Amino acid sequence: QNYLDNFWPDLKAAHELFDSILQARRERESESQENSGKEYPEHLPGEIVEAGIKSGRYIQGTLNVNKHRAQLEAFVRLQGFGSKETG
């Protein structure tokens, strides 16, 4: 803010962009505080997920995403299975 005020006081677009970024940051911080400091809200409460894993309704694994083709390639490595078996 100080930089823009001191060196570019007449550059309206830069000031508007700064204000927009600042507002988005404040909104994200307030949402984060509402979610108890979590970056993303939970889809299901933790106790339901844990009960589902224990009952076999849900499975637990590690999501692996291809960093070069993230939108097209991913797989889940199931816990408790050999390293070659995936789901």
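The values are calculated or read from the model by the stated rules, or taken from the named source; none is laboratory data. Keep in mind that what you see is a predicted model, and the values were worked out from it rather than measured. Cβ atoms come from the backbone with ideal geometry, glycine included; neighbour counts cover every protein chain shown. Heavy atoms of the whole protein, side chains included, go into the accessibility calculation; ligands, DNA and RNA do not. Shrake-Rupley method; radii C 1.70, N 1.55, O 1.52, S 1.80 Å.
Some observations on this one:
- Filtered residues of segment 62-75 (kept if closer than 27 Å to G46 by Cβ and more than 18 Å from the chain's Cα centre (by Cα)): F75
- Checked against the criterion of being modelled with pLDDT under 90 and open to solvent by 100 Å² or more (accessible area, probe 1.4 Å), segment 42-53 has at least one qualifying residue.
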